[in-house]
1. Rank these for me by crowding, 133, 304, going from fewest to most other beta carbons within 10 Å.
2. If I model a spin label at residue 394 and residue 342 as a point 7 Å from the Cα along the Cα→Cβ vector, what separation in nanometres do I get?
3. Quick one: what are the phi-derived ³J(HN,Hα) couplings along the stretch 170-176, Karplus 6.51/-1.76/1.60 with θ = phi - 60°, whole Hz, x for glycine and proline?
4. Given R₀ = 22 Å, FRET efficiency for residue 282-residue 304 by Cβ-Cβ distance, to 0.05?
5. Can you quote the Å³ per residue value for the convex hull of the Cα atoms in the stretch 316-378, rounded to an integer?
6. Which order do 30, 112 fall in if you start with the one that has the fewest other Cβ atoms within 10 Å?
7. Fewest Cβ neighbours within 10 Å first, please rank 376, 312 accordingly.
8. Between 317, 345, 361, whose Cα lies farthest towards the positive end of the dipole of the stretch 316-378 when Lys and Arg beta carbons carry +1 and Asp and Glu beta carbons carry -1, centred on the Cα centre?
Amino acid sequence: MSCLVAIQFKQTLFFGTDTALSLMTDDNEIIRVPGKAEKIDKIGSKLIFSSGNTSLTEGIILEFKKSSNQSIEQLRRICIMGNQQFLNTAMFKNTRHFSVVVGTIENNQTVIYSIESSTGFQIVKHETKLDEINYITAGAKTKEAKELLNHYLVENYRNQSLFEIYQSVFNEVSFEGVGGNLLVYRLDQHGIRQVYKNPIKEKPNLQRINLSYKIEPLLLHNIRTNQLVAGSAKISTALIEDLEVGSNVRMGAGASITWSQVTSQPNAAALGGLMANSPILTHIDSKGVYTGVLSADQINAGKISAQFIDTTNLSAQRVYQKDYPGNYVKVGGQFGDLELYYNGSKYFSIYNGLDHVSLLSYGSECLSFSNATKATYVKGLWDFSGATVTGLTAKFA
């Protein structure tokens, strides 16, 4: 778990978070585990905080880092797709809500975007005026942290420094899921940098697991992990699934199997192959070449007729108009957006927003179909002066 405290001025933004590691048992009990983790990622000019199941949030951040499109809308798409894939995983049928908070600079002022599963992945934008202070909390203990911020910043401001306020808030909200070190990052026109680091005052009698020692079955009966490092320890074969060469066992570079070691040896025909005297093996004579399946990186031919091409599984990113290389159709990105180009310039597109579909002309949205509301929304200016409209009743706001 993690806690974020963001304090926003018009031209300066601070993100503060902890470094504690914890796990949740099947009984929804949170237990502190050894180690520390960075809860904030720096991607380009963005500070990104994520909270929730580590497997889910790390996957979302990694996918966003690899994406050539690092817009907030793209991050929202990745959140929706990652969450759905996560929920479809057999191991994780139940998971707590997760959130992603992004801080950046736009038009010479700070902006905060939040995307949360609890609000249906809506993008919420936070801005502030020159003489205002805005504060946002996310992750664990959000209500308590916000009340403490209101106390220190508004009701009982006693000339405390910003870092003293951060320290007081995290000392108060610390528990099994929040603790370790307090890290504060500053974002402004000059970039991103860490400006404060100090231990958080921990509560006494935290429930902890010391992974250096044996974990008793009564304490924790089920551990889920993507990686287990055993060191010099041995794992009983009773705890290892059946091993099968070619399925879950890889042959190393020095491994070998001789034909004499294979029992019930099949012949080529039994394996779907061709016997040595098969009449359909590759044959070359003065009339040409015959073969069953030809695999090659390049085939030079004068012309291949369309009737000999099976288009069932044909894939392409662009389809060009004959004799006009600047006119083409493009299927864009991993969400299947459709784009039309004339002389190399995009003039029409169908945009997939996952929960809605939009029609855009020269980059401007003109029509949107919502899957959530089952409604169609008209955008922009529509000119009906050249049309005959029937069956329409005007309603005025």
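Just so you know, all these numbers are worked out from the coordinates, no wet-lab data involved. Everything numeric in this text was worked out from a predicted model, so none of it was measured. Cβ: placed from backbone, ideal geometry, glycine included. Neighbour counts: every protein chain shown.
1. Ranked by crowding around the Cβ, least crowded first: 304, 133.
2. Here the answer is 3.2 nm between the modelled labels.
3. Calculated HN-Hα couplings, in order: 6, 4, 6, 8, 4, 7, 4 Hz.
4. 0.65
5. 79 Å³
6. 30, 112
7. 312, 376
8. 317
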